[in-house]
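Every read-out reported here was derived from the displayed coordinates using simple, explicitly stated rules and does not represent laboratory data. Note that the structure is predicted; figures quoted are calculated from it, not measured. So basically every Cβ, Gly included, is an ideal-geometry build from the backbone, and we count neighbours across all protein chains shown.
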Amino acid sequence: MAQDSHDAPDFAAMSGDAVLQHLQVTLDGLRPEEVRHRRTQDGENTFSQAPADTLCYRIRCAFINPFCIILAIVAFISYVTDSYTNGFSAGGKVEAGIIVIMIVIGGLLRFSQEIKAKHAGDQLRALLHTTVTVRRQGKCCHIAHTELVVGDIVLLTAGQTIPADIRLLQTADLFVSEAALTGESRIIEKTAAPAAPAAGRTAPDMAYMSTTVLSGTGLGAVIAVGNRTRYGKAARVSRPFKDSFQKGTRSISYVMLRFIFIFIPLIFILRGLPDHHWSSALAFSLAVAVGLIPEMLPMVLTACLAKGSISLSHKKTIVKNLNTLQGLGSLQVLCLDKTGTLTRENIVLEYFMDILGKESHKVLDLAYINSFYHTGIRNPIDTAILSCAAMPRRTDYYRTLTEYYHKLAEIPFDYTRKIATVLVGAPKKQPILIAKGNLKDIYKRCTAVAYENKTLPIRNGSFADVYTIVQDMLEDGMKVIAVAVKTFPKGTTVIRPQDEKDLTLLGYIAFFDAPKPSARISLEELKALHITPKLLTGDAEEIAKSVCRRVGIPAQHIVSGADLQDLDAAAFDATVRKNTVFAELSPEQKVQIVQSINRQPAMTGFMGDGINDMPALLAAHVGISVDTAVPATKDSADLVLLDKDLQILATAIREGRKTFTNMLKYLKITAGSNLGNIISVVMAGLCLPFLPMTSLQLLLLNLFYDALCIVLPWDTVDEEDIAYPKDWSGKHLGKFMLLFGSISAVFDGITFAFLYYMFIPLVLHCPVFSAALPPVLQEQYIRLFQTGWFLESLWTQIVILYFLRTSKMPFIESRPSWQVMSVTLAGLFVFTGLLFTVGMPVVGLVTMPAPYFVFLPGICAAYILCVGAGKYIYIRKYKKLL
Ligand SMILES: Nc1ncnc2c1ncn2[C@@H]1O[C@H](COP(=O)(O)OP(=O)(O)OP(=O)(O)O)[C@@H](O)[C@H]1O
Ligand SMILES: [Mg+2]
């Protein structure tokens, strides 16, 4: 069985029977053992671009990253230099061993977080699993897209994303949009008859992966899956802005790299010059490099995102991709569609009338037949019309009606034409074309109106008179569509869009499109979150205006699709920037508006549920949809709300910002503290005759502090931090690091002086350190100094966490969560206790005499005061802390 274009037969040109024969399958479908065999042979229906998500891959990701590699090099160099100088002493092995243990601990922590996040993600995605109906062993069953194999017999219905490359075998008014594959927005009719494609076109008897069924049904055999599909082989449209999280993270890494490139050579030279031990100087500078980078950054970020997505799932929101949370946190402009978002999901049929506003059952009957036979994607209008049959004593009436009229052909509804057309026949009657749709689009195609069984021609195409009847209704916020007809000669069974002309206008159907009671409150909540809403609707201007009035969106000026049509790029952008409400838009215009907002630049979200919203959803940074949306649109969304309610979205945005703030806390505070440590090391390199901390101690300090930071996702976040969109980039990171790093370095310097000149000479009853001291005393001097600084660093780093986590007065105005308090304090006490009682001889840390624990709180207090002043200056200058 072949599937590749190089060795595959031209399925499009083969007859249906020949296709089945070649694929060795019947219309009853495959048997389970065949499915298994084919899956082993051709693989899953997924793209192998991303490496298979196996346990091995996860372990590799957790352990093989730049940080681990640098640590491993440090271990190796320290082992070799130690062996070289001390003749394979136990010391070198212990040091290397400890670094290896660190690599393992760090890796395991990250691994467990990632697995946790993956499990959470899998569970949520399972809720959304898009399934496809296949026939296997004569029975229809629903399976996940990924389980499809070559030869499967697939059933296609409206609204579905086509899950593989399929040769169609049976079709009924099957229309698809291939925009996702070819970029062409035209709707294309598909048939089962074998045909070669026209030049530059897709084959008419093939349904390709990623394209969407707009209307009708079809049945076909899968001829290619995964990477071998046309979509899999094509260079997929990349959406680089969707990776804004990665981009932000990269820019943050660059800021760090800049510091590394400045400090590392400096430390290397300072350390190597005095005694020319270049290899140990290299090991030390590498360790300092590792000390500068928050090693646990990926792990803490994963933990934050996993925690965020789990809490969102409790709030009826499913995040398909963890990185979406970042987008949600930085969202600035939210584009909304109208139905279901601002107004209720189910519109209610209210009036059916002739052109002068008199109730007309004929209009309703014809609209019913149109909706009944229309196989396109159902939308609220069709649902409302069809629900007439559920009214008391009407069921039989409508059944008889649809038995009397039978369907001959259809041109499905699409959001560019904005009309739905069916051709129906009845015994001894000429076929009738029934079109229903948007007022202006129906008027455009009418040359006459029907009134009381008479057909009157329309002069000069002027519909002003018949329009006044509906104008009031539109202004009251009612949705109105027009119904028109045309008879065809007997025997007509096919209609084309060109036939939708010279119609006769019959009347109108009006629906009540009531605003949701919660809409006004939700919009106010969004405003409080400093998110600008923009209404993007395909519906009429008047309705948009009325809805805006009721829900409190300022809509002095409404821009219509027609207004936008002739604008050049600059004028278009200016119009989009200035206005809030856009009506009568085509799906393409929705995309153009979203793209224009992206260019501002602003982080854009788009919330919609129709097939017409899908392209705009893809163009936005964050595509938001609802559980009840058309499947193809739901597939394209990054975020799915289980209820289409703005209130839930506002809650989700708050959650996103909370997650985001906690990530920023870790990043900024840690990077600042680490930079402080590095400045101190450089300072010490210039002034001290020995190392202020060994590379191992520096790493241990980092690892220990980072391990405590795993609790950060559980921290509380100030309302002020939630109120504004967050920016994930390295923009102010460097300045933050420099300011708070320098403050930390100043206090390190004070500690150094205190230890070096006062405390240690007093404790050891000896003069200030010099080469003249006996070696044993020198060793004790150094150990005490290093332990002293280790403790001061640890204390200040943890204390500062409480002070920089908020821009407000810590503890009084903003309290850390109990989780953060208990974990960090417990960590601090355990470590301090350890160094007070037994020390950690393996890493060269000794017990610290009691009087030092009087000095420590003192220096911390002074440090806090200084940081408080720094914080005040920083907030004044940059308006925010995090
Ligand atoms: N099933 C249908 N049959 C006929 N006409 C329809 C149908 N659905 C929509 N229309 C016409 O197309 C127009 C645009 O559709 P719709 O209001 O659903 O657009 P939209 O952009 O999705 O709007 P919203 O913001 O309310 O979701 C409608 O005003 C209506 O005139
Ligand atoms: Mg819609």
Amide N of segment 775-798 lying under 19 Å from the label point, which is placed 7 angstrom from the Cα of Met821 along Cα→Cβ: 798
Net lengthening on full extension, Ala570/Ala389 (0.36 nm per residue, minus Cα-Cα): 60.1 nm
Two pseudo-spin positions, 7 Å from Cα along C-beta at Thr532 and at Tyr467, lie apart in nanometres by 3.1
Just want the ordering: Phe572, Phe261, from fewest to most Cβ atoms lying within 10 Å of their own Cβ. Phe261, Phe572
Charge-dipole axis of the chain as Lys and Arg at +1 and Asp and Glu at -1 on Cβ define it, positive-most pick from Ile558, Ala772, Thr468: Ala772
Just to be sure I understand the model, the point goes 7 Å from the Cα along the line to the Cβ. What's the resulting Gln430 to Arg549 distance in nm? 4.4
Compactness of segment 348-512, expressed as Rg and Dmax over alpha-carbon positions, Å: 14.9, 44
What does the charge dipole of segment 348-512 about its Cα centre add up to, to the nearest 20 debye, if the Cβ of each Lys and Arg holds +1 and the Cβ of each Asp and Glu holds -1? 560
With the 8 Å Cα cutoff and a minimum separation of six or more residues, segment 348-512 has a relative contact order in percent of 30
What shape does segment 661-739 take by its C-alpha gyration tensor, where a ≥ b ≥ c are the square roots of the eigenvalues and a/c under 1.5 counts as rounded, a/b above b/c as prolate, and the rest as oblate? oblate
Using packing as a proxy for protection, rank 502-514, 667-679 so that the peptide with the highest average count of other Cβ atoms within 10 Å comes first. 667-679, 502-514
Can you find, among Leu155, Leu456, Gly29, the residue sitting farthest towards the positive end of the charge dipole of the chain, where Lys and Arg contribute +1 and Asp and Glu -1 at Cβ? Leu456
Using the structure shown, select from Lys338/Lys454; Lys428/Lys454; Lys116/Lys516; Lys418/Lys590; Lys315/Lys808 the pairs with a Cα to Cα distance greater than 26 angstrom. Lys338/Lys454; Lys116/Lys516; Lys315/Lys808
State the Cα centre-to-centre distance between segment 294-353 and segment 523-575 in whole Å. 21
Show that you can apply the helix-only estimate: for the chain, add -39,500 (n - 2.57) for every DSSP H stretch of four or more residues, divide by all residues, and state [θ] at 222 nm to the nearest 500. -16000 deg cm²/dmol
Centre separation in Å (Cα based) which lies between segment 847-882 and segment 391-437: 77
Between Ser253 and Ala172, what is the spin-label point distance in nm, taking each point 7 Å from the Cα along the Cα→C-beta axis? 5.4
Relative packing of 55-63, 146-154, which averages over residues the other C-beta atoms within 10 Å, highest first: 146-154, 55-63
Only four residue types carry charge here, +1 at the Cβ of Lys and Arg and -1 at the Cβ of Asp and Glu. Report the dipole size of the chain about the Cα centre in Debye, rounded to the nearest 20. 600
In debye, nearest 20, what is the charge dipole magnitude of segment 394-457 about its Cα centre with +1 on Lys and Arg Cβ and -1 on Asp and Glu Cβ, if you could check? 140
Contour minus end-to-end for Lys358 and Ala753, with contour as 0.36 nm per residue of separation and end-to-end as the Cα-Cα distance? 132.6 nm
Which of Leu642, Ala193, Met478, positive extreme of dipole for the chain (C-beta unit charges): Met478
Can you give the extra length, in nm with one decimal, that the chain gains between His765 and Lys139 once fully stretched, where that is 0.36 nm per residue apart less the Cα-Cα distance? 216.3 nm
Among the lysines, which fall within straight-line cross-link reach of Lys429, defined as a Cα-Cα distance under 17 Å, with same-chain neighbours fewer than 8 residues apart omitted? Lys362, Lys407, Lys486, Lys490
Please state, as a whole number in µm²/s, the translational diffusion coefficient that the Stokes-Einstein equation yields for the chain at 10 °C and 1.306 mPa s, with Rh defined as the Kirkwood radius across alpha carbon pairs. 50
Could you please state, rounded to a whole Å, how far the C-alpha centre of segment 463-492 is from the C-alpha centre of segment 750-821? 82
Using the count of nearby Cβ atoms within 10 Å as a rough guide to exposure, how do Leu526, Leu688 rank from fewest to most? Leu688, Leu526
